[in-house]
Each structure stands twice: as C-alpha cells, then as structure tokens.
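Only one structure is covered here, and it is reproduced in the block below.
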Amino acid sequence: MKWSRWRRFRQAIQILAFVFYIYLLFAALQRRAAFPLADLFFRLNPLAALGTMLASRAWIPRLSLALITLGLTLVFGRVWCGWLCPLGTLLEWVRFRWAHHRAAALSPRWRVIKNVLVLLILAAALFGNLSLLVFDPIALFARTMTTVVIPALNYAVTNVERAAYPVSFMRPIVDWLEGILRGPVLPVIQPVFAQNTALAVLFLGILALNALADRFWCRYLCPLGALLGLLSKVALLRPLVRPACNRCGHCVGACRLDAIDTGAGYEIVTPECTVCLDCLAACPESGIGFRWHWRPDPIREHDPTRRQALTALAASAVSVVVLRTSIQAKLPHPQLIRPPGAEDKEEFLARCLRCSQCMKVCPTSGLQPALFEAGPEGLWTPRLVPRLGYCDYGCNACGQICPSGAIPPLGLARKREALIGVAVIDRDRCLPWAHGVPCIVCEEMCPTPEKAVRLEEVTATDDRGEPAIVQRPYVLEDVCIGCGICEYQCPVEGESAIRVYRS
C-alpha cells in the first residue's frame, strides 16, 4: 500500500507538471504575469543547456537551472522522465492494449539509437552546430503546440462561434465565451505557420509509435532521456530486486519501459528506469526496494561505446564542414531576416534551440520556422516573413522569452533601433510608379519617427494614358530598420510591391 500511495503521488506530480507546462504556453502567448517563467522547462533541460553552451563556447546563466535536473538525476535517477517531462507524460497516457506484447519482439539493442543520437548532438555542438536539437523532446513538444495545436484550437473555436452566433439564444453564450477566451487565452488574430503539416505528421508519428511499444520514443529515440540515462548510471539511490523476490513477473508486466532484465535473474536496468514506481506498487511480496549505491551501473549491450563516440565525432565534423561550404554559406537567402538583435549568424545558430518560443509570442505571426532559406543548419530556426506578419515596433517579446539568448533581450528603445533588414520598392509593381494610381500606404504605416519611406509628388501617366498627380514612395535606407510593416500592409495582391531584404 505504501508504494501505491507513492505511485499516486508521482502521478499527481505528473499531472501538475503537465498542466503547468500548458499554462505557461498560454501565459506566454498572452504575456501574462507568468511570462518570465514561460521558458522554465527549457531552462531545466540539461541537453539544451549542455548543447548550447558547447556550441556557443559560453556559460549561459539563464540555462543554469539545468543543474537542478542534473542534481536530481545524480541522486534519484531519471525522475525527470517519469515525473516532470510533459512529452513523457503525454506518451504515458497514450496507450495501446497490444503494445506490451509487440514490445517483447523488439530487441533491447534498439536503445542504441537514442544513445547514438545524443552523441551526435553533443559532438555537433562541439563544432558549433545545433541542428539536431530539433529532436529535443521539450522543443519538439513546444514547436508542435505553437505551430499546430494553438492555431488549430483558435481556428476551431472561431468557426464554432461563427456557426452558433446566428442562433439567437446562443449569442449570449458566444459573447461570454469570446470574453473569457479571446485575448486572455486565445490570440485575437488567427496565427498561421509554415510547415505545420510536416510538424503535425512528425508529432503524430511519435504518438503512433506507442502502438509498437509503450513510450516507444522514451525507450528508443529520446536524446534527453539517453543523456539522463547515462548520468543515472551513477545515481546514488536506485531501485533493486531484493532476495524476497519470487520471480512472479508482476513487476515485468507493470514496467512500461521494459527496464527489468529477466535474462540472468531479475535486475533493474537503472539507465532505463524512470522511477515511475509501477513495479513497486505491483509487487505482492515487497521484492523491490530502493538502496544507496556507490558503484556505477554495469556496462550494458546498448550503452554507447568508444567507437560510437569517435564515429559520432567524426560524422559531426564532416557534416559541419559540408554544411558550411554549401551554397547557403556563400550566398545566404536574400529574405532570410532574423529577429531583432540576432546579427551574428554563427552565434545565433550556435544558441538557437529551435524551440519556437519566439514564434509563439510574436503578435503578428511574422516569425516563421525556416526550411530551405537557412539551409540544413538553420532548420526550424526563426525568420521574419513580412508578408505574413511584421515586426511590431512596440514589441520586444521574442528577446525576452528566448531561453538561450540567441535573440538578445533588448530593451524596447534598443529594439526599435535594431537593424534587421531594409525595404526595397519594386517600381514595376508599385501602384504610383507602375500605374499612376495614388497610394501612400507604405509611408503612412512606417513606424520610425523620421519616416524611412518618403513621398515625392510627381505628374505621371496612368493606365488609361491620362496625366495624374501621384506621390511616389522611396526608401531612406539609413533610416529603415526592416520591420516589414510596409510589406505587410501593401495593397498590391500577391507579392508585395515593397519587400524587405536582409541587411
């Protein structure tokens, strides 16, 4: 009964941690009082902290909270995975009845995958590359929530309200829901994100793998779990099978990660144990308990070897050389516009966690996940797409929420002066230049005090061949900061007649 109560306590902590994680997602979305804590789970993430510090060659105080997770792991083992990880909790809740039988057919050697993946991530970080952090579970979950779940939820609520509003008796209910949801919880403007389909398929695929084995991702693929598993080999307090065990098998059936080796007697494999306490609660004879250990867990067949570590180091070195001698390295995409303050390309890529936190808090949905624009090394890093959303002159949220400092936390005054690009007018598409049609939208919308877009009054010929007095816009490059509101507001259909290019 004692361990059943502890197991229920662990499940309560899981639920609270998951709810808190979701709360922080929406708190950051609306920048409520909890906004300073919005990146808390990233700051507790040892893989993100270690990878970023290796890649940037710098100590990042904001990520130093990861030492707490490391300390817990060195004492209790993989408690992060079994008690706090939001993705691990979700995967524990997604269950398939037949998965336990299918898991028996999978070789423990599959666990080599996650160990090799964490070696590749850390080896690449030594060479300043964080591309493989796209597989970090906290970033993966946050990215899916930002680009897929929150926009889909907002769209669904909006359309349900539209369908219900014409019904007279539903209007007060719709107005009430709109009052408590729109703004305080959901965004006012419908967010849209590139590659949301691919990101949704990736995440659904991870959930679907549970049909092959319970918590398949946690067992075989998770790089953060692999790192914590390696550290837990020297954990001080570990579960063990006691002499009272009668080999009844109840613990084996209860273990969701097959962390109990029955090959040569019953033995708990510490790096695979998430301290879920299921085995202790299931044991009828008190045959499992905790004990202080001073010797590391023995070498297992799926543990990373010296050869694998050297291979990962060599593969990472070769990959970085290839990536940095590609076309993108020589000719960066002209419209690859980074968030304000992210001027040093190498430092930005060495710090960016691909976590989508900045995209989530961008009020205009202007920040989008990069694909081919930044090359493979910049996959899913943020870029500004002004035609979708501009960089709000009164907003500096992206720098405030960035957990690694890839986007500097600029004050609003400094952010307003940060140069991220420059606007260029396409005279073949601009209404006053190409058609003699009056239009001063770009000049009106320009937020800089000195107006980076100016107007020149001229007599032009319109499309009917008649003279027309129009004000033609032109850009003062020394004043323009590249915020992109002119491109966003340009009334020309399709491609804007004024476009922002990287500075």
- Note on the structure: Looking only at lysines whose Cα falls under 30 Å of K2's and that sit 8 or more positions away or on another chain, we get K233
- Task: Just grab the label-to-label distance for Y393 and I22, each label 7 Å out from Cα along the Cβ direction, in nm (one decimal).
- Result: 4.0
- Item | Segment W93-L37, extension gain: residue separation times 0.36 nm, minus the distance between their alpha carbons | 17.6 nm
- What list of whole percents do you get for P(r) of the chain, with Cα-Cα distances grouped in 10 Å bins up to the one holding the largest distance? 4, 17, 24, 22, 16, 9, 5, 2, 1, 0, 0
- If the label point sits 7 Å along Cα→Cβ of S326, residues of region 349-390 with amide N under 19 Å come out as 349-355, 368-384
- Largest-first semi-axes in Å of the equivalent ellipsoid built from the Cα gyration tensor of region 419-503 are 23, 13, 9
- What angle do you read, to the nearest 10 degrees and between 0 and 90, between the alpha-carbon axis of helix 66-76 and the longest principal axis of the chain? 10
- region 12-43-region 290-331 distance, computed between alpha-carbon centres (Å): 32
- Query: Between F372 and C245, what is the label-to-label distance in nm when each label sits 7 Å out along the Cα-to-Cβ direction?
  - Reply: 5.4
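In µm²/s, what is D for region 170-313 at 37 °C and 0.692 mPa s, where D = kT/(6 pi eta Rh) by Stokes-Einstein and Rh is the Kirkwood radius from Cα pairs?
Using the Kirkwood radius from Cα pairs, D works out to 172 µm²/s.
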- So which lysines pass the test for K345, namely a Cα distance under 25 Å, with those fewer than 8 places away in the same chain ruled out? K330, K360, K415
- Potential extension, E495-K451 segment - 0.36 nm per residue separation minus Cα distance: 13.5 nm
- Note on the structure: Farthest towards the positive end of the dipole of the chain, among L336, P296, L367 and with Cβ unit charges of +1 on Lys and Arg and -1 on Asp and Glu, lies the Cα of P296
- Note on the structure: Placing each pseudo-label 7 Å from Cα in the direction of the beta carbon, H333 and R291 end up separated by a distance in nanometres of 5.7
- Item | Taking the convex hull of Cα positions in region 301-430, its mean projected area over all directions (nm²) | 10.5
- Message: I'd like the FRET efficiency for N159 and E466, computed as 1/(1 + (r/R0)^6) with the beta carbon distance as r and R0 of 51 Å, rounded to 0.05.
- Response: 0.65
- Write down, largest first, the equivalent ellipsoid semi-axes of region 2-142 in whole Å, where each equals the square root of 5 times an eigenvalue of the alpha-carbon gyration tensor. 26, 23, 15
- Per DSSP H run of at least 4 residues, take -39500 (n - 2.57); add these up for the chain, divide by its residues and hand me the 222 nm value, nearest 500 deg cm²/dmol. -11500 deg cm²/dmol
- Message: Could you tell me how far the Cα centroid of region 392-460 sits from the Cα centroid of region 63-119, in Å?
- Response: 46
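FYI, it's all coordinate maths here, none of it is from the lab. Values in this document were obtained by computation on a predicted structure and should not be read as measured data. Backbone-built Cβ (ideal geometry, glycine too); neighbour counts: all protein chains shown.
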